[in-house]
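The values are calculated or read from the model by the stated rules, or taken from the named source; none is laboratory data. Owing to the predicted nature of the structure, the values given are computational and were not obtained by experimental measurement. Don't worry about glycine lacking a Cβ; one is built from the backbone with ideal geometry, like all the others, and counts go over all protein chains shown.
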Amino acid sequence: MKHETIRACSIWRALDVVGDVAVLLILEQAFLGRHRFDDFVKQTGLARSVVSGRLAKLVEAGVLRKAAQRQAGYALTEKGRGLFPVALMILRWQHRWEPGERGFSVRLVHRGCGQAMEPVPHCAACQTEIDPRAVDWAPGPGLAQVTPVYTRRRQQTAAASAKRGNQTMVDSVIELFGDRWATLVVRACFTGIHRFDDIQRDTLMATNILSGRIEQLLAQRIIKAVPYSAHQDRFEYRLTEKGRDLYPVLLALLQWGDRWFADEQGPPLLLTHRNCGQPLGLQPKCSACAAGLDIRNTAFEL
Ligand SMILES: [Zn+2]
Ligand SMILES: [Zn+2]
């Protein structure tokens, strides 16, 4: 039988909601405390029609809700606040790898210790920092296969037009997670799939689209091409250190997907932390005082 489905892990399901450049920019503003339509337009640089369409989509998905008073705008729901670790891990990556790209930066302050800090991804069970090379992936009870529908969305246009003044609002991490195709290539690399044909089988992308995404990821230095035969003309794609550091973002998305989209069969993918042998859960911690971070004790400042 012809292989026509791909693994529908919780990352895939989460990206169905948030895997869009415009959505990521709007959610970032929501975490920065903005609520009103006009502020979303001004701060993201997106067209009004794009913002209004994405806000409607986020309300429908249960991530935002419209406040009772019209002028109060939109608020994050519990499901929306559940994306807090994703937002933290995206900021962590931006600060480490592309700090100057966007012309503005978000500072994180832990209210518990009062310090400016960076969030550090720890294992919730054994409290050590997570290294993606120490994580085993196995299919879980809820692993389903889906037939991917790769519609040409307007996200590339949204990415290109998102500007505030002369500043572009989009950097590699937003471009990547705003594009499910590119994210699937990175997911393949994290799960031990490295060769073009194997990635193509895992993602069912058309070969020209896959080539394009691989070129983009190479240009962003998220993956590197490594020859694997003596002839030097056959390549495998391996994550660079910069690419491997996207792991906490994927993990945070996976946990959010497990929490909100897994069915009664259980999670589609089981991650085990080799350091402690426990299921891997992400606990962001403060780099200054090592206390656990949550949405109430952390401030985002521009
Ligand atoms: Zn552990
Ligand atoms: Zn602290």
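Selection of segment 275-291 for residues being within 25 Å of residue 80 (Cα to Cα), surrounded by 15 or more Cβ atoms within 10 Å (Cβ to Cβ) and more than 9 Å from ligand 1 (Cβ to nearest atom) yields 282, 283, 284, 285, 286, 287. Screening residue 136 with (1) under 28 Å from residue 286 (Cα atoms); (2) at pLDDT 95 or above gives one miss only, at (2).
Assess whether residue 299 counts as being at negative phi, within 16 Å of ligand 2 (Cβ to nearest atom) and of a type in the set (Gly, Ala, Ser).
On the way: at negative phi: yes; within 16 Å of ligand 2 (Cβ to nearest atom): yes; of a type in the set (Gly, Ala, Ser): yes.
So residue 299 passes the test.
For segment 186-234, a tally of residues being out of contact with any Ser or Thr (no Cβ under 9 Å at 6 or more places or on another chain), over 26 Å from residue 147 (Cα atoms) and not β-branched (Val, Ile, Thr) returns 11. Quick check: anything in segment 250-265 surrounded by fewer than 17 Cβ atoms within 10 Å (Cβ to Cβ), in contact with a Leu (Cβ under 9 Å, 6 or more places away or on another chain) and touching a residue at least 60 places away in the same chain (Cβ under 8 Å)? The answer is yes, given that some residue of segment 250-265 is surrounded by fewer than 17 Cβ atoms within 10 Å (Cβ to Cβ), in contact with a Leu (Cβ under 9 Å, 6 or more places away or on another chain) and touching a residue at least 60 places away in the same chain (Cβ under 8 Å). Sub-8 Å Cβ pairs linking a first residue in segment 57-71 that is more than 12 Å from residue 23 (Cα to Cα) to a second residue that is of a type in the set (Lys, Arg), at least 6 apart or interchain, are 62/79; 71/36, ordered by first then second residue.
Suppose we keep only residues that are surrounded by 13 or more Cβ atoms within 10 Å (Cβ to Cβ), assigned to a helix (DSSP H, G or I) and within 16 Å of ligand 1 (Cβ to nearest atom) within segment 96-153. Which one would you say is farthest from the chain's Cα centre (by Cα)? The extreme case among them is 134.
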